[in-house]
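Enquirer: Right, I'll just put the structure down here and ask away after.
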Amino acid sequence: MLAGQAPPGAAGCGRLLAAALRPLLCGLSPCWVAGRQCRGLRVAEAATEEAQVVQREHRGGVPVRRYIACPRLARTVQQCLQRGAGPQPLLLEFAPGPGILTQTLLNAGIRVVALESNLAYLPNLQSLENSLDGQLKVIYGDFCRLDPLVSGTLKPPAVCSEKLFETMGVAAVPWKADVPLRIFGIMPHTLERNRLWRLLFGLYECNSIYRYGRVELNLFISEKEYMVLRAKPGEVWAYQALSVLAQIGCEIELLHKEPWSSFATDLKNGSLAIPKSKWLPNDHLCLVRLTPQQNLFTGGLKPTNATTFIFMVKQCLAKPTSRLSARLNSWSLDNGGKLLKALEIPENAVMRDLYPEDYRRLFEALQNSSMFTETWFYDEVLETVRTINL
């Protein structure tokens with residue numbers, strides 16, 4: 001803090017911390033620049049230079065991509081996606097690959113946007129698009145490189161959510177309105193946890209795809225990560241900050257489990273590249289629906305202070321066996337015991353015993369407490385950033 005400047009208030013502190021913390025909480029380098037520009041997304045034909053870049057990346061060990069190549073599995077996924085009453089909004093399918101699922105969705109009458117980054121698959125998808133009357137739109141882009149934290153003009157297949165939603169014709173709606181868009185895709189196993197964190201961070205901040213409302217995600221993720229998302233207190237190996245934030249932020253529904261062997265890969269030798277897990281057999285990919293909660297931003301939790309909430313949860317569960325009372329004392333809260341009594345939380349409660357809603361109630365109580373300000377958080381984050389940059 002420069003001499004002569006007052007500490008920022010709660011709202012200003014939250015904005016400053018969002019900029020400082022976002023790359024740290026998502027597992028990214030803190031050395032990034034937020035400014036960027038968006039380029040057009042539609043392509044008539046791929047440039048030779050871009051094709052060479054993709055070929056070099058493929059040889060250089062990019063994440064293994066998995067595709068649905070089995071008609072039976074495609075029909076199962078289509079039925080899962082259409083499960084539930086109410087209107088069926090536009091569906092964005094990322095990394096459709098050979099288009100087996102795409103064709104099945106179209107046959108079921110679903111309007112689809114196919115977001116594909118592999119130039120080898122674009123001609124067939126675009127041919128299918130041209131044979132239909134507006135039911136399918138094909139866009140060149142990579143969902144895993146959506147809104148990258150880089151400076152300058154974005155180079156495809158990186159995409160900007162603002163331009164993507166404009167191209168799809170999807171407008172922003174109020175948070176409590178119906179789901180404006182459904183997204184389906186198979187998450188790459190490489191950096192899977194970091195990608196989930198980025199999506200959660202965007203959800204709580206109402207950034208990226210969540211600027212447009214409660215976008216619904218339907219993702220095939222590893223069984224290990226699904227177990228973390230749905231973990232409860234007492235499941236020591238799985239219950240962590242990601243569990244708490246996912247359960248507060250989303251309704252989590254398991255739609256289907258499918259063996260790894262059912263998916264095709266882009267590996268030249270045809271191997272399945274099944275990652276090993278120390279915790280469970282990890283025999284399946286899980287199709288999980290993540291629907292943002294309508295009541296997420298009721299009470300004291302808001303997009304402007306969500307960064308503080310995320311950091312609080314991560315800090316608490318960094319040492320899951322420590323007592324909550326000790327953490328409150330470290331935040332210089334002299335009346336921590338009184339606060340816990342008001343929340344009906346035992347003074348000897350440890351972090352891993354608290355339910356997700358307990359963390360939310362704690363945060364809202366701290367926000368409303370006269371003995372609490374965010375200046376402790378501001379100073380602590382500055383120290384974290386300084387340490388990481390050493």
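Enquirer: Accessible area of residue 160, 1.4 Å probe, to the nearest 10 Å²?
Expert: That residue has around 10 Å² of solvent-accessible surface.
Enquirer: Show me, for the stretch 243-253, the HN-Hα J-couplings you get by feeding each phi into the Karplus relation (A = 6.51, B = -1.76, C = 1.60, θ = phi - 60°), rounded to Hz, glycine and proline as x.
Expert: 4, 4, 5, 5, 6, 6, x, 9, 7, 10, 10
Enquirer: Let me ask something else. Report ³J(HN,Hα) in whole Hz for each residue of the stretch 345-359, in order, from the Karplus equation J = 6.51 cos²θ - 1.76 cosθ + 1.60 where θ = phi - 60°; Gly and Pro get x.
Expert: 10, x, 5, 8, 5, 9, 4, 6, 8, 7, 7, x, 5, 5, 5
Enquirer: For a test of the definition: using alpha carbon positions, the gyration tensor, and the 1.5 limit on a/c, classify the stretch 122-252 as rounded, prolate or oblate.
Expert: prolate
Enquirer: Would you grab the residues whose amide H sits under 5 Å from the one on residue 256? Only those 5+ places off in sequence or on another chain, please, with H modelled 1.01 Å from N.
Expert: Correct list: 287.
Enquirer: Using the Karplus curve 6.51 cos²θ - 1.76 cosθ + 1.60 with θ = phi - 60°, work out ³J(HN,Hα) for each residue of the stretch 289-298 in order, rounded to whole Hz, and write x for Gly and Pro.
Expert: Along the stretch 289-298, the couplings run 9, 10, 10, x, 5, 5, 9, 4, 9, 9 Hz.
Enquirer: Next question, about the same structure. Apply 1/(1 + (r/R0)^6) to the Cβ-Cβ distance of residue 232 and residue 261, taking R0 = 45 Å, and write down the FRET efficiency to the nearest 0.05.
Expert: It comes to 0.90.
Enquirer: With a 1.4 Å probe and all protein chains left in place, how much accessible area per residue does the stretch 66-292 have, in Å²?
Expert: Computed with neighbouring chains in place, this is 39 Å² per residue.
Enquirer: Further question on the same structure: Please list, ordered by chain and number, the residues whose modelled amide H lies under 5 Å from the amide H of residue 220; skip anything fewer than 5 residues away on the same chain.
Expert: For residue 220, the qualifying residues are 185, 186, 187, 288.
Enquirer: Follow-up. Give me the one-decimal nm value for the distance between modelled label points at residue 329 and residue 132, 7 Å along each residue's Cα-to-Cβ direction.
Expert: With each label placed 7 Å out from Cα toward Cβ, I get 6.2 nm.
Enquirer: For the stretch 66-292, rounded, prolate or oblate, judged on the Cα gyration tensor with a ≥ b ≥ c (square roots of eigenvalues), a/c < 1.5 rounded, else prolate if a/b > b/c?
Expert: rounded
Enquirer: Holding the Cα-Cα limit at 23 Å, pick out from 302/338; 137/176; 224/319 the pairs that are longer than that.
Expert: 302/338; 137/176
Enquirer: Right, here's the next one. Work out how far the C-alpha atoms of the stretch 302-367 reach from end to end along every principal axis, then list the three figures in whole Å, largest first.
Expert: Principal-axis extents of the stretch 302-367 (Cα, largest first): 31, 22, 22 Å.
Enquirer: Residue 145 to residue 90: FRET efficiency via 1/(1 + (r/R0)^6), r the Cβ-Cβ distance, R0 25 Å, to the nearest 0.05?
Expert: Here the calculated transfer efficiency is 0.75.
The values are calculated or read from the model by the stated rules, or taken from the named source; none is laboratory data. Quick caveat: nothing in here was measured; it's all calculated off a predicted structure. Heads up, the Cβs are rebuilt from the backbone with ideal geometry, glycines too, and the neighbour counts pull from every protein chain shown. With ligands, DNA and RNA removed, areas are computed over all heavy atoms of the protein, side chains included. Shrake-Rupley method; radii C 1.70, N 1.55, O 1.52, S 1.80 Å.
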